[in-house]
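Enquirer: Take a look at the following structure, please.
The values are calculated or read from the model by the stated rules, or taken from the named source; none is laboratory data. Values in this document were obtained by computation on a predicted structure and should not be read as measured data. Positions of Cβ are backbone-derived with ideal geometry, glycine not excepted, and every protein chain shown enters the neighbour counts. To get the accessible areas, we keep the full protein, side chains included, count just its heavy atoms, and leave off ligands, DNA and RNA. Shrake-Rupley method; radii C 1.70, N 1.55, O 1.52, S 1.80 Å.
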Amino acid sequence: MKIINLANKAGAFTLILLFVFQSCSSNNDTTDTPVVAPDKISVQVDVVGKTAEMPNGDGSGKINLKIDASNAKSYKIVVNNETKEFTTSNFSYEFTQPGTKTYTIDVTAFNGIKYTNTSTTVNIFVARKLIWSDEFNTDGAPDTSKWGYDLGNGNGFGNNELQYYTNRSENVKIEGGLLKITAIKEAYQGNQYTSTRMLTRGKFSFKYGRAEVRAKLPVGGGTWPAFWLLGDNIDTAGWPLCGEIDILESVGNNPNVIHSSLHSPGRSGNTPDTKTTTAANSTTEFHIYAAEWDAENIKFYVDDNLFYTYKNSSTTPFNAKFFVILNLAMGGNFGGTVDPNFKSATYEIDYVRVYN
């Protein structure tokens, strides 16, 4: 009996060892699937609105990308200094910088920590979009939702100007589809002349884009019409730290000469950042005066003829929001001597438009 019991116990022990061995063998047979990098990556770029007549698109700036990469689980796109990450192989993007430009698109396909990348380029046309305007089509006073006024003399507004600015209908009104700013020789509040300075401060401002005015300039020695931009932060930063972009200035003592200038710290007053061009018959014909502004350049035009390019940079004030100003000054440091026979003169504006 004793020998039989030992044999039974030995058999049971053998069975247990066999089970453990088989279990361990089963676990050891399991192998991990190796992670491989995505292979054969390709990118198809479809430009929205592309036709034979419009090879760079319809101006919307939109593209659709289709990525093909086997084993890919996620993707990263770097385009126009923007990084986008997603898990689908289809991706849409919209360019906003106006004009026709060539962009590089870098694409990386990931499978876990393994990845494959490639790049491609696209030529894209982006049309400008109107973001603010006043067409001056309703007779009467200017739209108060768009325009406010600087009133008074303001100690000559830093330029020894002679006018007193008002918002009276004698000095500013809309008539026949035109804004008319009129300077008048008259005794008013201790000044010899009246006129108007209107601005979008607190109502509209923008950073980068195109600003343009279609205007006919006033006649007379001492007149000084202007269309310009001033930094939104003038109250806190002061001038010239806030920056000033003069798109149009002209003086009646030197007719048909158009000045475009920029004022910034150390380059204010008699700024070196200025150029002139001519606009024939500027007091009898309408011309378009414009500036196109971005982080790299500020370009000035008369009737779409480029005459001055200012190189912008991150060290200038010209990388923040600015508001719009229209005014007609009299005399002063820039306007010069007023013709003794001067009675009145009108600065006529057909429209002001701002594009992205």
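Enquirer: Tally time: how many residues in the stretch 175-187 are touching a residue at least 24 places away in the same chain (Cβ under 8 Å) and open to solvent by less than 60 Å² (accessible area, probe 1.4 Å)? Break it down into steps so the answer makes sense when it comes.
Expert: Quick first cut of the stretch 175-187, residues touching a residue at least 24 places away in the same chain (Cβ under 8 Å) only: 175-185.
From what is left, the residues that are open to solvent by less than 60 Å² (accessible area, probe 1.4 Å) are 177-184.
Qualifying residue count for the region: 8.
Enquirer: Taking the condition of being assigned to a strand (DSSP E or B) and closer than 27 Å to ARG128 by Cβ, how many residues in the stretch 73-87 meet it? Step through it out loud before you land on a result.
Expert: Filtering the stretch 73-87 down to residues assigned to a strand (DSSP E or B) leaves 74-79, 82-86.
Narrowing the set further to residues that are closer than 27 Å to ARG128 by Cβ leaves 77-79, 82-84.
Here the count works out to 6.
Enquirer: For the stretch 307-314, does any single residue satisfy the condition of being open to solvent by less than 30 Å² (accessible area, probe 1.4 Å), in contact (Cβ under 8 Å) with a residue 12 or more places away in the chain and not in a loop (DSSP other than H, G, I, E, B)? Lay out the reasoning, then the answer.
Expert: Taking the stretch 307-314 first, the residues open to solvent by less than 30 Å² (accessible area, probe 1.4 Å) are 308, 310, 312.
Remaining after also requiring in contact (Cβ under 8 Å) with a residue 12 or more places away in the chain: 308, 310, 312.
Checking which are not in a loop (DSSP other than H, G, I, E, B) leaves us with 308, 310.
Within the stretch 307-314, one or more residues are open to solvent by less than 30 Å² (accessible area, probe 1.4 Å), in contact (Cβ under 8 Å) with a residue 12 or more places away in the chain and not in a loop (DSSP other than H, G, I, E, B).
Enquirer: Collect the residues in the stretch 53-72 that are assigned to a loop (DSSP other than H, G, I, E, B) and surrounded by fewer than 14 Cβ atoms within 10 Å (Cβ to Cβ), keeping them in residue-number order.
Expert: Step one: filter the stretch 53-72 for residues assigned to a loop (DSSP other than H, G, I, E, B), giving 53-58, 61, 71-72.
Passing the criteria: GLU53, MET54, PRO55.
Enquirer: Scan the stretch 281-306 for residues that are open to solvent by less than 20 Å² (accessible area, probe 1.4 Å) and part of a loop (DSSP other than H, G, I, E, B) and jot them down.
Expert: Across the stretch 281-306, the qualifying residue is only SER282.
Enquirer: Can you work out which of the residues in the stretch 211-225 that are crowded, with 20+ Cβ neighbours inside 10 Å and within 23 Å of the chain's Cα centre (by Cα) is farthest from TYR355 (Cα to Cα)?
Expert: Restricting to residues being crowded, with 20+ Cβ neighbours inside 10 Å and within 23 Å of the chain's Cα centre (by Cα), the top hit is VAL213.
Enquirer: If I filter the stretch 124-174 down to residues being β-branched (Val, Ile, Thr) and surrounded by fewer than 17 Cβ atoms within 10 Å (Cβ to Cβ), which single residue comes out as nearest to ILE63 (Cα to Cα)?
Expert: To start, the set of residues in the stretch 124-174 that are β-branched (Val, Ile, Thr) comprises 124, 126, 131, 138, 144, 166, 172, 174.
Filter once more, keeping what is surrounded by fewer than 17 Cβ atoms within 10 Å (Cβ to Cβ): 131, 138, 144.
Numbers: ILE131: 22, THR138: 40, THR144: 40 Å.
The selected residue is ILE131.
Enquirer: Now, a different point. Go through the stretch 280-295 and give me each residue that's under 16 Å from SER261 (Cβ atoms) and in contact with a His (Cβ under 9 Å, 6 or more places away or on another chain).
Expert: none
Enquirer: Within the set of pairs 6+ apart or on separate chains, which have a first residue in the stretch 89-114 that is free of Cβ contacts under 8 Å to residues at least 24 places away in the same chain, a second that is surrounded by fewer than 17 Cβ atoms within 10 Å (Cβ to Cβ) and assigned to a strand (DSSP E or B), and C-beta atoms under 6 Å apart?
Expert: Note: pairs meeting the criteria are THR102/THR121; THR102/ASN123.
Enquirer: Scan the stretch 267-280 residue by residue and report those that are modelled with pLDDT of 95 or more, surrounded by fewer than 20 Cβ atoms within 10 Å (Cβ to Cβ) and of a type in the set (Gly, Ala, Ser).
Expert: Applying the first criterion (modelled with pLDDT of 95 or more) to the stretch 267-280 yields 267, 271-280.
Now restrict to residues that are surrounded by fewer than 20 Cβ atoms within 10 Å (Cβ to Cβ): 267, 271-278, 280.
Passing the criteria: only ALA280.
Enquirer: Still on this structure, please answer the following. Filter the stretch 240-266 for residues that are over 22 Å from the mean Cα position of the chain (by Cα) and farther than 14 Å from PHE334 by Cα; which is surrounded by the fewest Cβ atoms within 10 Å (Cβ to Cβ)? Before the answer, list the steps.
Expert: The first filter runs over the stretch 240-266 and keeps only residues over 22 Å from the mean Cα position of the chain (by Cα), leaving 249-259, 265-266.
Now drop any that are not farther than 14 Å from PHE334 by Cα, which leaves 256, 265-266.
On the way: ASN256: 14, PRO265: 15, GLY266: 7.
Looking at residues that are over 22 Å from the mean Cα position of the chain (by Cα) and farther than 14 Å from PHE334 by Cα, I get GLY266.
Enquirer: OK, next. With the condition being in contact with a helix residue (DSSP H, G or I) (Cβ under 9 Å, 6 or more places away or on another chain), I'd like the strands (runs of 3 or more DSSP E) fully within the stretch 208-280 carrying at least 3 qualifying residues. Don't jump to the end; show me each part of the working.
Expert: Numbers: elements: 209-216, 223-231, 244-249, 257-263, 274-278.
Counting at least 3 such residues, we get 223-231.
Enquirer: Here's a follow-up. So in the stretch 240-253, with the set limited to residues that are touching a residue at least 60 places away in the same chain (Cβ under 8 Å) and out of contact with any Lys or Arg (no Cβ under 9 Å at 6 or more places or on another chain), which one is nearest to PHE300 (Cα to Cα)? Reasoning before the result, please.
Expert: Taking the stretch 240-253 first, the residues touching a residue at least 60 places away in the same chain (Cβ under 8 Å) are 240-243, 245, 249, 251-253.
Among the residues that remain, those that are also out of contact with any Lys or Arg (no Cβ under 9 Å at 6 or more places or on another chain) are: 241-243, 245, 249, 251-253.
Working: LEU241: 21, CYS242: 20, GLY243: 16, ILE245: 10, GLU249: 12, VAL251: 18, GLY252: 21, ASN253: 22 Å.
Among residues in the stretch 240-253 that are touching a residue at least 60 places away in the same chain (Cβ under 8 Å) and out of contact with any Lys or Arg (no Cβ under 9 Å at 6 or more places or on another chain), the one nearest to PHE300 (Cα to Cα) is ILE245.
Enquirer: What pairs can you find where one residue is in the stretch 139-151 and more than 10 Å from MET198 (Cβ to Cβ), the other is charged (D, E, K, R) and open to solvent by less than 40 Å² (accessible area, probe 1.4 Å), and their Cβ atoms are less than 9 Å apart, with a gap of 6+ or different chains?
Expert: Short answer, once both residue conditions are applied: ASP143/ASP134; LEU151/ARG197.
Enquirer: Is there any pair linking a residue in the stretch 115-130 that is at pLDDT 90 or above to one that is basic (Lys, Arg) and open to solvent by 70 Å² or more (accessible area, probe 1.4 Å), with Cβ under 8 Å and at least six apart or on different chains, and which?
Expert: If the second residue must be basic (Lys, Arg) and open to solvent by 70 Å² or more (accessible area, probe 1.4 Å), the pairs left are ASN123/LYS101; ILE124/LYS101; VAL126/LYS101.
Enquirer: If you don't mind, another one. Just for the stretch 315-356: of the residues that are open to solvent by 20 Å² or more (accessible area, probe 1.4 Å) and aromatic (Phe, Trp, Tyr), which one is farthest from ASN155 (Cα to Cα)?
Expert: TYR355
Enquirer: What are the pairs, 6+ residues apart or on separate chains, where a residue within the stretch 318-342 that is under 17 Å from ILE234 (Cβ atoms) has its Cβ under 9 Å from a residue that is of a type in the set (Asp, Glu)?
Expert: ALA320/ASP232; LYS321/ASP232; PHE322/ASP232; PHE322/GLU244; PHE323/ASP232; ILE325/ASP150; ASN327/ASP150
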